[in-house]
Amino acid sequence: MYLDKKLTAIIAAAGSSGRMGTGINKQFLLIKSKPVLCYSVDMLEKCRCVKDIIIITQLAEIAHCREILANYGNYLKVKCVIPGGKTRQESVWEGIKQAGEGTEYIAVHDGARPFASAALLEKLLQAAEKWGAAIPGIPVRDTMKTVDPDFWADQTLERSVIRAVQTPQVFRYDALKAAYEQARENHMEATDDAALFAKYAGKVKLLPGEPYNIKITTSDDLRLADFIAGNHEKNFVNHKNHGFSERKLLKIRIGYGYDAHNFIAGRPLIIGGVTIPYEKGLAGHSDADVLVHAICDAVLGALALGDIGAHFPDHNPRYKNISSLLLLQETYEMIRERGYVIINIDSTIVAQAPAMSPYSSQMRARIAKVLNIDTEQISVKATSTEGLGFEGRKEGIGATAVVLLENENPAAF
């Protein structure tokens, strides 16, 4: 699972900020009373997949950067603040060399992009596990043209094959390091790390980026960032008066799911993705996994997307005898597409027989793997009805589930 990977995040914040015109490194300018850089560090600090953070800044600003970090947060994952090189590429190379032993993946992020979400980073890491490298990009809306040296309009580019690339960009560590070494030998300079990887290491997968993941380059960008952050702030409430020292995000969704199936002879009994020895299985179009179905329904309910029957109808031959874990995987994609993460799941299996408790740990592990969460984030309980109802008469099994989702993507606000 991607949470087990060691990901080191490098924040490139050593630019001169010449186009900003303030005389101050843009990463240290304030958005709603907080430095631009701290927004990115906050996101990486909270992201479960990040193990270490390396910040690269100008030599003369290292002490100032450390002071800011000390004043604005308790950043336990920040491994070091180091000086950069003459170019962005040289700066990132310094960060790559500082990556700790055992690092498997590198995420390179611009310190001037304050609104990238943890959900985006996790999606990129998952894609990098599969393809070796992944970057985010968004479609361009305007007509794109090339110009000649005298700034006469030349060729019109096809927008459908153009993307505006963002950060963070995630790469397999050994491959990115080798690409950098090759680029240094050949004196190649590139504007982003993906170009080096594509040149010397392999293809780069592009995923949908986030529209609010803007890069602050000019004073206009800073004003836009202030507007974005202001709208984000409206979705917070200060709980200091209620015993909490931190602001808690209100953009959460809760869903409840229920499912039940009758017993039938001649089928395996599959609950929570685990085959349980028993004389009967459950009747259904799919494998009739009531626990997974209840969790799917809870997620769909939280997202206000209807019920499981609407998405995986029992008249569709595609779902005939399908593993419900595959249905759960498709449901999980709906969570990711909307910028949500799972906080926790609480579920209960209702069955008079067979006993479910001996298998609950296996169920948690299999469901957690599909949902890319830790097993501690899912509870699977089992109960009987003391002979009452269809479960008590051993006619079938029921299950309930409650799920809590949180939206970590500022663009959703």
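The values are calculated or read from the model by the stated rules, or taken from the named source; none is laboratory data. These numbers come from a predicted model, not from an experiment. Don't worry about glycine lacking a Cβ; one is built from the backbone with ideal geometry, like all the others, and counts go over all protein chains shown.
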Contact list, first residue from segment 204-229 and assigned to a loop (DSSP other than H, G, I, E, B) and modelled with pLDDT under 85, second anywhere and buried (at least 17 other Cβ atoms within 10 Å of the Cβ) and among the polar types (S, T, N, Q), beta-carbon distance below 8 Å, six or more apart or interchain, is none
Give, as residue ranges, the helices (runs of 4 or more DSSP H) completely inside segment 239-343 that count at least 2 residues that are at pLDDT 85 or above and within 21 Å of S361 (Cα to Cα).
-> 290-302, 324-337
Within segment 371-399, which residues are among the small types (G, A, S) and assigned to a strand (DSSP E or B)?
-> S379, A382, G396, G398, A399
Is it the case that some residue within segment 151-159 is under 26 Å from P211 (Cβ atoms) and assigned to a helix (DSSP H, G or I)?
-> yes
Those residues of segment 80-96 which are among the charged types (D, E, K, R), modelled with pLDDT under 95 and in contact with a strand residue (DSSP E or B) (Cβ under 9 Å, 6 or more places away or on another chain) amount to R88
Residue count, segment 26-67 (criterion: among the β-branched types (V, I, T) and within 21 Å of G230 (Cβ to Cβ)) = 3
Output the qualifying pairs, or none if there are none: Cβ atoms under 9 angstrom, residues six or more apart or on different chains, first residue in segment 103-128 and within 18 Å of S91 (Cβ to Cβ), second residue among the aromatic types (F, W, Y) and in a helix (DSSP H, G or I).
-> T103/Y173; I106/Y173; R113/Y39
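Is there a residue in segment 355-369 that is in contact with a Lys or Arg (Cβ under 6 Å, 6 or more places away or on another chain) and either part of a helix (DSSP H, G or I) or not polar (S, T, N, Q) (or both)?
no
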Do we find that E189 is buried (at least 17 other Cβ atoms within 10 Å of the Cβ) and touching a Ser or Thr at 6+ places or on another chain (Cβ under 7 Å) in this structure?
-> no
Run I162 past the list (1) under 30 Å from D226 (Cβ atoms); (2) in contact with a helix residue (DSSP H, G or I) (Cβ under 9 Å, 6 or more places away or on another chain); (3) surrounded by fewer than 22 Cβ atoms within 10 Å (Cβ to Cβ) and report the number of the one that doesn't hold.
-> (2)
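Okay, residues lined up against (1) without any contact (Cβ under 8 Å) to a residue 12 or more places away in the chain; (2) in contact with a helix residue (DSSP H, G or I) (Cβ under 9 Å, 6 or more places away or on another chain); (3) closer than 16 Å to A401 by Cα; (4) not assigned by TED's automatic domain parsing to the domain that holds I373:
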| residue | (1), (2), (3), (4) |
| --- | --- |
| D289 | no, yes, yes, no |
| V292 | no, yes, yes, no |
| D297 | no, yes, yes, no |
| A302 | no, yes, yes, no |
| R318 | yes, no, no, no |
| S323 | no, yes, no, no |
| E333 | yes, no, no, no |
Just one of the numbered conditions (1) in contact with a helix residue (DSSP H, G or I) (Cβ under 8 Å, 6 or more places away or on another chain); (2) surrounded by 18 or more Cβ atoms within 10 Å (Cβ to Cβ); (3) closer than 25 Å to A119 by Cα is not true of K32; which one?
-> (2)
